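Below: one structure, written as structure tokens.
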Amino acid sequence: MKLIRKILTIIPAIFLFGQSLTAQTATVPDFSNASVSIKYYDRTIYYPNETESNPVNVHITIKNNGDETLRFKLADDRAFSADFNVFTVKNNKLPQTEKLVEKRTTNTTVYFREIALEKGEEYSFVENLKEYVQITDASVYYVELSFYPELYKSRYLSLKSNRLTLEIHPSVSATAAGFIPVERQTQKIIQPEAISPDKVVEQTIIARQKSLWDQYFLYMDVPSLMQRNASLKRKYISVSADERLKMEETYKSDLMASRLDNDIIAVPEKFQIERTSYTPTEGTVTVIEWFKYPNFYEKKSYTYKVRQREGIWQIYDYVVVNLGTE
């Protein structure tokens, strides 16, 4: 558990928790100045199930945005303090795990502590999303958190977090013939890193020069690139989440086979990054690229459009301008 604040007061306590418990009738505390935010703790490639071997660890932060001391209860077993709500693209909510349901519907002793935060202070911890929600299918989901400052028994009182996008890939066995980004020597799954936009573009171009397709797609926003094609876009937005994943894999295969989008997969002999400009969420990287022919070089200017999602920059669009030959 990572703490980004000072605990002013910790008061150990216990109570019996079960179906028979009812909401408190005492005065409802004021949590209007409290906020809850979530982000991925150690973002990687996620697969269905595999709760222990492939966790979806989420970093949760409670912050006091007010001037007065903020006090809330936090259970030692976080299942009595928080809930993950995971939705499909059709806004259907995924079911909770059997273990979580059993835990909350059985009389048990729950230990908790009271935490006090002064103005601007934060309290953070990490939870595995898969211990709360059943994720059995590869798809794109949306994740939110409900935090109960008076514990789960007082579910009427909750704080809502921001929303994250969660992409669950098909299991390794189901995609053995497809694209799985791994290092060739160690067979370790490659993970995108929080590097700058110019480094993202540089690594992507070098990966293409070396025909390292796993690394080439690492920082590509494939759905956005695919939807540059009007007909693919119309189909993509009309099909199910599972069909979208299949379309993305087909698009990657077509790129690798040079069946479409010649500009984005063209292999430059050399390149030079000319200009990088970006805000906290969007940016552009302009690169001069030279393509070798038997008797001359063709020179082009590529402007790669990038945006940041959960701390990772991705290429989602590009513009090419011909600069003649040399």
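The values are calculated or read from the model by the stated rules, or taken from the named source; none is laboratory data. Fair warning: this is a prediction, and the values are worked out from it, not measured in the lab. Virtual Cβ from ideal backbone geometry, glycine too; neighbours counted across all protein chains shown. When the accessible area is computed, the model is the full protein with side chains, heavy atoms only, and any ligands, DNA or RNA have been set aside. Shrake-Rupley method; radii C 1.70, N 1.55, O 1.52, S 1.80 Å.
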| note | Restricted to region 187-210 and to residues being among the β-branched types (Val, Ile, Thr) and assigned to a loop (DSSP other than H, G, I, E, B), the residue modelled with the highest pLDDT is Ile195
| said: Suppose we filter region 104-113 for residues that are closer than 21 Å to Glu144 by Cβ and either open to solvent by 60 Å² or more (accessible area, probe 1.4 Å) or acidic (Asp, Glu) (or both); how many remain? | reply: 0
| Looking at (1) in contact with a helix residue (DSSP H, G or I) (Cβ under 6 Å, 6 or more places away or on another chain); (2) over 30 Å from Asn162 (Cα atoms); (3) not small (Gly, Ala, Ser), which is the one condition that is false for Glu248? | (2)
| query | Pick from region 73-89 the residues that are assigned to a loop (DSSP other than H, G, I, E, B) and without any contact (Cβ under 8 Å) to a residue 60 or more places away in the chain: which of them is least open to solvent (accessible area, probe 1.4 Å)? | reply | Asp77
| region 127-143, residues that are open to solvent by 40 Å² or more (accessible area, probe 1.4 Å) and in a strand (DSSP E or B) | Tyr142
| task | Considering only region 103-126, state which residues are part of a strand (DSSP E or B) and modelled with pLDDT under 90. | result | Thr108, Thr109, Val110
| message | I'd like to verify a number: residues in region 193-210 that are out of contact with any Phe, Trp or Tyr (no Cβ under 6 Å at 6 or more places or on another chain) and either without any contact (Cβ under 8 Å) to a residue 12 or more places away in the chain or open to solvent by less than 50 Å² (accessible area, probe 1.4 Å) (or both), how many? | response | 6
